[in-house]
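Worksheet: one structure, shown below.
The values are calculated or read from the model by the stated rules, or taken from the named source; none is laboratory data. On a predicted model such as this, the values are computed, not experimentally measured, just so you know. Don't worry about glycine lacking a Cβ; one is built from the backbone with ideal geometry, like all the others, and counts go over all protein chains shown. Ligands, DNA and RNA are stripped out before the accessible areas are found, and what is left, the full protein with its side chains, is counted by its heavy atoms. Shrake-Rupley method; radii C 1.70, N 1.55, O 1.52, S 1.80 Å.
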Amino acid sequence: MFIFIKHGDNQQFLVNTNCAVVVLLHYIRSKVKLPKTSTIDLCEQTGKMKMLFLMKPTLAEYASKYLTARSTYYVCKVERGPPGTRLENGYRAFVPLLKNPEPRLLVALRIQCDTLERRRIQLLKMQEAKKVVIIEPTPSAPSKPSGRSDKKKSTRKSPTLRNRPDLRKDKRRQLNKTTKQKK
């Protein structure tokens, strides 16, 4: 199946979606003459981003799984923070590569960009909270000596066999007594 891609001054071209997402994005990037390092994505006419740029670059994920056949999509450039800074991975804007984008489209893209950035910051905060905190050891109370200091303590959670009577020995004794009585 195929989709329509709109960009620039009302220019459009067809794209076959029966390919990997990575290949599709590479082809679209070359058609709109963007450098290989620029991050792009597609959005619907309503402004809903497809978030294809967030997918892991594998050849197993086909674009037809995420894109509706015979639909029209706009090419959007994903602007990130300045390289080498703390905001380098932050999302600044989703910019449609159209000459005169509709205001509703721009508002929808801005809302999605802000939401994605808030989620990214929440994940960073959660990761920082999960980091191991070094706790100083507290002095512990001296343990009471038990009468079994020279014996190894069992690591078993069930009762040990030493405390249970050995029924096998009793059965053997009874067997021996009955055999002796019969003789």
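Tabulated data for the structure shown
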| quantity | calculated |
| --- | --- |
| Among LEU116, PHE4, CYS76 - extreme Cα towards positive end, dipole of region 1-134, charges at beta-carbon | LEU116 |
| Under-5 Å amide H pairs with THR72, H placed in peptide plane, nonlocal only | PHE4 |
| ASP114 accessible area, assembled protein chains, probe 1.4 Å, Å² | 60 |
| Equivalent ellipsoid semi-axes, region 2-133, via Cα gyration tensor eigenvalues times 5, rooted, Å | 27, 18, 14 |
| Selection of GluC sites (Glu not before Pro), region 1-92, meeting DSSP coil and at most 12 other Cβ within 10 Å | GLU88 |
| Label point at LYS99 placed 7 Å out along Cα→Cβ; residues across region 3-43 whose backbone nitrogen lies under 19 Å | 5-14, 31-34 |
| Heavy-atom SASA rank of PHE53, PHE94 (probe 1.4 Å, accessible area, largest first) | PHE53, PHE94 |
| Candidates per trypsin sites (Lys or Arg not before Pro) in region 16-115, loop by DSSP, up to 14 other Cβ within 10 Å | LYS33, LYS36, LYS48, ARG70, ARG86, LYS99 |
